[in-house]
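The values are calculated or read from the model by the stated rules, or taken from the named source; none is laboratory data. None of these values were measured; they are calculated from a predicted model. In this analysis, Cβ positions are derived from the backbone assuming ideal geometry, glycine residues included, and neighbour counts consider all displayed protein chains.
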Amino acid sequence: MRIFPYMFFLPVLCLGACQSATQQINDVQSAQNADSRLTLGTIESSMHKGMSNAEVIEIFGPPNIVTTDDQRREVWVYDRISTMRAHTNSGGWATILILGIGDQSKTSSTSQRTLTLIVKFDENKHVRDYSYRYSNF
């Protein structure tokens, strides 16, 4: 008879260990952001006029596209597009004596982000101007 109270709390403990779909999506996003050096925060906190091209590469890595303008000055383009798809499937089964109670839920989410940074250099290979665009849908 002493086991009966513990049998009631076992399903509660098991369900408490499950992770919600929202938490799983947030964990995936955090992992993706940790791998990327090009973020809005990095651009806004680190990018400034007068930086050398070596400093830009050190912070953001190599650019996707390197071109020149009409005065033969370099223009670098960093372009990042990421698509995140999260699918979760959770279910449970509980028994109360002979009756069974089942529950199953499925969640799916897809989002896409784009971030483009354009860096314009002067003749001395220092940043003369930059702009960026961000979208999340």
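Test residue 82 against the criterion of being under 19 Å from residue 40 (Cβ atoms), modelled with pLDDT under 85, in a strand (DSSP E or B) and among the polar types (S, T, N, Q), and give yes or no.
When the stated conditions are applied, residue 82 passes them.
Which pairs do you get when a residue that is over 17 Å from residue 124 (Cβ atoms), found in segment 49-78, comes within reach of a residue that is part of a helix (DSSP H, G or I) and of a type in the set (S, T, N, Q), reach meaning Cβ atoms under 6 angstrom, with the pair 6+ apart or on two chains?
Here the result reads 59/46, each pair linking segment 49-78 to a residue that is part of a helix (DSSP H, G or I) and of a type in the set (S, T, N, Q).
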